[in-house]
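Okay, so here's the structure we're looking at.
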Amino acid sequence: MIRRVSSGTPWEPVVGYSRAVAAGDFIFVSGCTSVAGREFVHAGDAYAQTAQAISNVEGALAELGAGLSDVVRTRVYVTDISRWQEYGRAHGDAFGSAMPATTMIQIAALVDPRMLVEVEALAYRPGIGAGQPAAGGQL
């Protein structure tokens, strides 16, 4: 069984993806950016954008019955690697002792030129894909 959740952002139906997919023992969370609801937030602030992106990861995980402590891998895509400490500090503050494996990669651009960072995650929780969907989740 596979369970999916949507964030409602305008890009999902255009690109054809889910915010998160629970399959087997894993939850795959698509790249999250600094969007609150349907609006971009925190222009120019690398730390705040990263914190918001991770908060969006956390929200998707919560809809499927998991949390940041279940995350075993992240990928952080950034548009300016010279600001790595700002992105990294927000990542460390959010994940604390969970300390997932991570990679930070500089890319040319994101879908909105104001976006500085996108965070994707992989979480592990035995049996999560077979559970009942939480509010907003789909089978």
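The values are calculated or read from the model by the stated rules, or taken from the named source; none is laboratory data. The model shown is predicted, which means the values in this text are computed figures rather than measured ones. Counting neighbours? That spans all protein chains shown, and the Cβs are built from the backbone with ideal geometry, glycine included. Note: accessible area is taken over every heavy atom of the protein model, side chains too, but ligands, DNA and RNA are not part of it. Shrake-Rupley method; radii C 1.70, N 1.55, O 1.52, S 1.80 Å.
Ligands, DNA and RNA left out, the accessible area of region 11-116 computed with a 1.4 Å probe is 55% carbon and sulfur. Here the 3J(HN,Hα) profile of region 72-77, calculated from phi with Karplus coefficients 6.51, -1.76 and 1.60 at θ = phi - 60°, is 10, 8, 10, 10, 10, 9 Hz, Gly and Pro shown as x.
Summed over qualifying helices (DSSP H, 4 residues or more, each -39500 (n - 2.57)) and divided by its residue number, the chain shows a 222 nm mean residue ellipticity of -8000 deg cm²/dmol.
For region 44-60, the Karplus equation 6.51 cos²θ - 1.76 cosθ + 1.60, evaluated at θ = phi - 60°, returns couplings of x, 9, 4, 5, 5, 5, 5, 4, 5, 4, 5, 4, 5, 4, 4, x, 5 Hz by residue, with Gly and Pro reported as x. Considering the chain as a Gaussian network with a 10 Å cut-off on Cα pairs, which listed residue, Gly67, Gly59, Gly127, attains the greatest mean-square fluctuation? Taking springs between Cα atoms under 10 Å, the residue moving most is Gly127. Mind sorting out which of [x] 177; [y] 118; [z] 94 is the real volume of the Cα convex hull per residue in Å³ computed from the coordinates? Label of the calculated value: [z]. Among the trypsin sites (Lys or Arg not before Pro) in region 1-75, those located in a DSSP loop and surrounded by at most 10 other Cβ atoms within 10 Å of their own Cβ are Arg38.
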